[in-house]
Number of protein chains: 2
Amino acid sequence: MKIAEMRVTPIAITDPPLLNAGGLHAPYALRVILEIVTDDNVYGLGEVPGGERPAAALEAAREVVIGKDPFQLNAIKRGLYERFGEGSLALNGDEPWDHRTLMLAISAIEVACYDVMGKVTGRPVCDLLGGRSRDRVDFSAYLFYKYEGAGGALGFDTDPDATGWAAARQKAALDPEGVVAEAKAMCDEFGFKSIKLKGGVFPPPEEVAAMKALQAAFGPDVPLRHDPNAIWSVDTAIKYGKEMEGVLEYYEDPVRGQESMAAVGKALDTPMATNMCTTRFEHLPGSFRLGSEDVILSDHHGWGGLLSTVELARICKTFGRGVSMHSNSHVGITMAAMVQVAAAVPNLDFACDTHYPWQSEEVIMGGRFAFDDGALPVSNEPGLGIELDREALAKLHDRYVACGLTQRNDEIEMQKVNPGWTFQETRW
Amino acid sequence: MKIAEMRVTPIAITDPPLLNAGGLHAPYALRVILEIVTDDNVYGLGEVPGGERPAAALEAAREVVIGKDPFQLNAIKRGLYERFGEGSLALNGDEPWDHRTLMLAISAIEVACYDVMGKVTGRPVCDLLGGRSRDRVDFSAYLFYKYEGAGGALGFDTDPDATGWAAARQKAALDPEGVVAEAKAMCDEFGFKSIKLKGGVFPPPEEVAAMKALQAAFGPDVPLRHDPNAIWSVDTAIKYGKEMEGVLEYYEDPVRGQESMAAVGKALDTPMATNMCTTRFEHLPGSFRLGSEDVILSDHHGWGGLLSTVELARICKTFGRGVSMHSNSHVGITMAAMVQVAAAVPNLDFACDTHYPWQSEEVIMGGRFAFDDGALPVSNEPGLGIELDREALAKLHDRYVACGLTQRNDEIEMQKVNPGWTFQETRW
């Protein structure tokens, strides 16, 4: 069995005006959908954060991938490293890919290969990663500060016909009351049992007040997480971290860099978590040496795929670190892959992040995944257990072309609303 | 697909009178052969170091394993931990298994499950572990000091009809000349390109002389390794390690414990290797913190199986440690499993150890594996790529019953030759 074809399709999906330390989400989030097709016409799917660059990388990867057996992941990865990774420059005269681009390409291809492997063996992907450790994967409510608006074609307008969560999703959330209302609407709709607030948007006291309002509204049994996206200073993080002792399940990336994380962690009893300060295997020795984090947020897109995520979890177990899971705006291929790898990781200690409730479109047949009591069941269908909706894919690709966005840039989006706004590495 | 049957067969295989720090090999080495059979009559094979205890453990494991899907390795492992691991005592009133027994049982079962998984998917096991990173696996010549004799039914006698390596294998090797002659005979027969001497047998100057004699005989292009099995003191290891600078590819377990290894490693330029001081995942943080070893010898029997070996290798890569592979006296099921996992590990940096040339029997159809230029080809047949020779297995089991050995005890064997000899943790 050989890979005969690769189809790379950048898409744009509706994304509401969500705020974060980097600015504002554009009306569309970009993803790239990868389809590999074998010579016996089995197809596998992958999905990664999008835009021009990952799409171009996947187009370029074709020369390495075509003709390979999809089970030969080590050979495919080595081929990509050798052709496009650091050190490849001397060989081919091109700029080598940056680490993130390499990881995204490897992830898209590896996930699509696992989908094929599952289909041809009649097994869900988790069974090829050590077997399922759970039948349901818990997710957390992922709250954002946001402006009013729906995103997509509506831009910052709202859709007057929307009902239920689709209507609630359009409302502004700019203060503790708005955050609690958002949390209630989201938890009512999806049944989530833990809550994360993407912070780093407003002055720390306002965000601390939001976390305390969440605790007051949901009680002590709903774990809460706060993520200032590394734009607080060490002193600020310690000061407000102390105010949130007993409030947070974990404190995610309040500050930038492992040394700063270690300093904050040392001053607090709250566990420290990261998906910004320790984001690749090469960072782990430093993290463990400094004791900078207690919980590592895995992400198969950024860490090089599903098997790498299983390996990361084993490393975390070995060094006494917890494992959680990071997310970006995404559709169902990523969702299915997250669920399969989450099922396989024995020591997944926390409910996973997902932006999925903020999105409204799909590229898979049957439409969007439905959370049951905050969790998704682990499919037992072969591969990722999904089929591509080619019509939906074509529409979302047309929109990618039409919307004119080629990369994510939250700073530019924010400047459209707040002229002169600039990103600051450390704002407070 | 469910596991319907487990067949546990202890066997005894002929082993020559090999010397080591713990004493003398008995005329037979003990292994346990595990066969699992699914309800659709697919069978998978596992092999682990033997004797009464691992065999009893595997018999007891039946209650956890029967009825499980062989792809559900995480569930099987968790079941074994919960039923037999530390902490199980309170639940069932039995003594929990020691760590080694638990690892051996998990390894035998996991390898047998991978064999089944490969067979039903039509794929060699390495393709289920990330894919092959190589088509041939290099092995090293594994030299022993030894008394004259063949082992097995012959005890310490020799077989006058033996020819070739079978004859050379019976000769004594008790000094540098004997070691070099053994190395030449073994490398001539199998084509090995690197050489390890199991030391800790004679006073250090004699062993250093043997290593230097090997270097003189084989030249600088044949990597050499020396393994005193942790019975040298730190001072001794440093003193003789300095004499062997430039001679050794790596210096394996000259001393006992990570602190001692770190002290020796700090004093030398020679890389330090271990399969005695860092032998389980829980030991890795200490090893990395102390810098006690540069190379970890993997062993799927001791580290909990094939996927765990892949994970160990990823950890070693992450922390800048090399990966090699440990061996004990074994037959072809272990050999096939070693080759498959070695094929899958991208960063297998060294030729693997194997005792295989010292054995003469097999339990697989077609007889013994044939090394080609010091390497074994990676089978592309489904599963482990081997079939059980049930007649051979029955004979070797009869011999297990007849020989009366129930566990390995090299000290008792040594006392038969040298009355009053006792093992010493630190001899020199």
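The values are calculated or read from the model by the stated rules, or taken from the named source; none is laboratory data. No experiment lies behind these values; they were computed from the predicted model shown. Cβ placement follows ideal geometry from the backbone for every residue including glycine, while neighbour counts extend to all protein chains displayed. For accessibility, only protein heavy atoms count, side chains too; no ligands or nucleic acids. Shrake-Rupley method; radii C 1.70, N 1.55, O 1.52, S 1.80 Å.
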Cβ-Cβ under 7 Å pairs, at least 6 apart or on other chains, segment A:128-140 side within 7 Å of another protein chain (Cβ to nearest Cβ), far side surrounded by fewer than 24 Cβ atoms within 10 Å (Cβ to Cβ) and in a loop (DSSP other than H, G, I, E, B)
A:G131/B:Q72; A:R132/A:V378; A:R132/B:Q72; A:S133/A:P346
Over 29 Å from B:G385 (Cα atoms) and modelled with pLDDT of 95 or more: does that describe B:L18?
yes
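From the list B:R78, B:R83, B:R53, pick out the single residue that is among the charged types (D, E, K, R), part of a helix (DSSP H, G or I) and within 14 Å of another protein chain (Cβ to nearest Cβ). So that I can check it myself, show each step before the final result.
Details: B:R83 fails: within 14 Å of another protein chain (Cβ to nearest Cβ); B:R53 fails: within 14 Å of another protein chain (Cβ to nearest Cβ).
Going through B:R78, B:R83, B:R53 in turn, the sole match is B:R78.
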Could you grab me the full set of residues in segment A:158-212 that are part of a helix (DSSP H, G or I) and open to solvent by less than 10 Å² (accessible area, probe 1.4 Å)?
A:V179, A:A183, A:M186, A:P204, A:E207, A:V208, A:A210, A:M211
For segment A:358-411, which residues satisfy the criterion of being of a type in the set (D, E, K, R) and at positive phi?
A:D373
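Quick check on my filter: what residues within segment A:38-54 are open to solvent by less than 10 Å² (accessible area, probe 1.4 Å) and either modelled with pLDDT under 95 or not polar (S, T, N, Q) (or both)?
Of all residues in segment A:38-54, those open to solvent by less than 10 Å² (accessible area, probe 1.4 Å) come to A:38, A:44-48, A:51.
Once the filter is applied, which keeps residues that are open to solvent by less than 10 Å² (accessible area, probe 1.4 Å) and either modelled with pLDDT under 95 or not polar (S, T, N, Q) (or both), segment A:38-54 yields A:G44, A:L45, A:G46, A:E47, A:V48, A:G51.
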From the list B:Y250, B:Y240, exactly one residue is surrounded by 17 or more Cβ atoms within 10 Å (Cβ to Cβ), assigned to a strand (DSSP E or B) and more than 14 Å from chain A (Cβ to nearest Cβ). Which is it?
B:Y250
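Would you please name the residue that is nearest to B:C187 (Cα to Cα), looking only at residues in segment B:220-237 that are in a loop (DSSP other than H, G, I, E, B) and open to solvent by 20 Å² or more (accessible area, probe 1.4 Å)?
Of all residues in segment B:220-237, those in a loop (DSSP other than H, G, I, E, B) come to B:220-223, B:228-233.
Those still in the list that are open to solvent by 20 Å² or more (accessible area, probe 1.4 Å) too: B:220-223, B:229, B:233.
Details: B:P220: 15, B:D221: 14, B:V222: 11, B:P223: 13, B:N229: 23, B:S233: 32 Å.
Going through the qualifying residues, I end up with B:V222.
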When residues of segment A:268-283 are filtered for being within 14 Å of chain B (Cβ to nearest Cβ) and either farther than 20 Å from A:D98 by Cβ or buried (at least 18 other Cβ atoms within 10 Å of the Cβ) (or both), how many remain?
3
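Can you find, within segment B:1-24, the residue that is farthest from B:T406 (Cα to Cα) among those that are outside any strand (DSSP E or B) and open to solvent by 10 Å² or more (accessible area, probe 1.4 Å)? Walk me through how you get there before you give the answer.
As a first pass, look at segment B:1-24 and keep what is outside any strand (DSSP E or B): B:1-2, B:15-17, B:21-22.
From what's left, open to solvent by 10 Å² or more (accessible area, probe 1.4 Å): B:1-2, B:22.
Working: B:M1: 35, B:K2: 32, B:G22: 17 Å.
Restricting to residues being outside any strand (DSSP E or B) and open to solvent by 10 Å² or more (accessible area, probe 1.4 Å), the top hit is B:M1.
Going through segment B:289-311 one residue at a time, which ones are in a helix (DSSP H, G or I), more than 7 Å from chain A (Cβ to nearest Cβ) and more than 16 Å from the chain's Cα centre (by Cα)? Spell out how you get there, then give the answer.
Initial filter on segment B:289-311 (in a helix (DSSP H, G or I)): B:289-290, B:300-303, B:306-311.
After this cut, where a residue has to be more than 7 Å from chain A (Cβ to nearest Cβ) as well, the list is B:289-290, B:300-303, B:306, B:308-310.
If the condition is that a residue be in a helix (DSSP H, G or I), more than 7 Å from chain A (Cβ to nearest Cβ) and more than 16 Å from the chain's Cα centre (by Cα), then B:R289, B:L290, B:V310 are the ones that fit.
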If you check A:G320, A:G374, A:G332, A:G366, which single one turns out to be under 30 Å from A:L19 (Cα atoms), out of contact with any Cys (no Cβ under 6 Å at 6 or more places or on another chain) and surrounded by fewer than 20 Cβ atoms within 10 Å (Cβ to Cβ)?
A:G374
Restricting to segment B:312-329, give me the number of residues that are within 9 Å of chain A (Cβ to nearest Cβ) and basic (K, R).
2
Every residue from segment A:55-78 that is open to solvent by 10 Å² or more (accessible area, probe 1.4 Å) and more than 23 Å from A:N41 (Cα to Cα)
A:A56, A:R78
Test of understanding: among B:G265, B:G286, B:G257, which residue is out of contact with any Pro (no Cβ under 6 Å at 6 or more places or on another chain), open to solvent by less than 40 Å² (accessible area, probe 1.4 Å), of a type outside the set (D, E) and within 14 Å of chain A (Cβ to nearest Cβ)?
B:G286
Qualifying positions in segment A:374-393 - in contact (Cβ under 8 Å) with a residue 60 or more places away in the chain and more than 13 Å from A:D135 (Cβ to Cβ):
A:G374, A:E381, A:P382, A:G383, A:L384, A:G385, A:I386, A:L388, A:L393
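Looking for something among the charged types (D, E, K, R), in contact with a strand residue (DSSP E or B) (Cβ under 7 Å, 6 or more places away or on another chain) and either away from chain A (no Cβ under 14 Å) or open to solvent by 50 Å² or more (accessible area, probe 1.4 Å) (or both) - is there at least one such residue anywhere in segment B:145-152? Give the derivation first.
Narrowing segment B:145-152 to residues among the charged types (D, E, K, R): B:146, B:148.
Narrowing the set further to residues that are in contact with a strand residue (DSSP E or B) (Cβ under 7 Å, 6 or more places away or on another chain) leaves B:146.
After this cut, where a residue has to be either away from chain A (no Cβ under 14 Å) or open to solvent by 50 Å² or more (accessible area, probe 1.4 Å) (or both) as well, the list is B:146.
Looking through segment B:145-152, at least one residue is among the charged types (D, E, K, R), in contact with a strand residue (DSSP E or B) (Cβ under 7 Å, 6 or more places away or on another chain) and either away from chain A (no Cβ under 14 Å) or open to solvent by 50 Å² or more (accessible area, probe 1.4 Å) (or both).
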Those residues of segment A:377-404 which are open to solvent by 40 Å² or more (accessible area, probe 1.4 Å), over 18 Å from A:V37 (Cβ atoms) and in a loop (DSSP other than H, G, I, E, B), in sequence order:
A:N380, A:E381, A:G404
Run down B:N347, B:N418, B:N409 and say which single residue is within 18 Å of the chain's Cα centre (by Cα) and surrounded by fewer than 18 Cβ atoms within 10 Å (Cβ to Cβ).
B:N409
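Among the listed residues A:P357, A:P346, A:P382, identify the single one that is touching a strand residue (DSSP E or B) at 6+ places or on another chain (Cβ under 9 Å) and within 14 Å of chain B (Cβ to nearest Cβ). Explain how you work it out, then say what you get.
Details: A:P357 fails: within 14 Å of chain B (Cβ to nearest Cβ); A:P346 fails: touching a strand residue (DSSP E or B) at 6+ places or on another chain (Cβ under 9 Å).
It is A:P382.
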Criterion violated by A:D235 - all others in (1) farther than 20 Å from A:G291 by Cβ; (2) of a type outside the set (V, I, T); (3) free of Cβ contacts under 8 Å to residues at least 12 places away in the same chain satisfied:
(1)
Flagged in segment A:330-343 as assigned to a loop (DSSP other than H, G, I, E, B) and within 14 Å of another protein chain (Cβ to nearest Cβ), in numbering order, are none
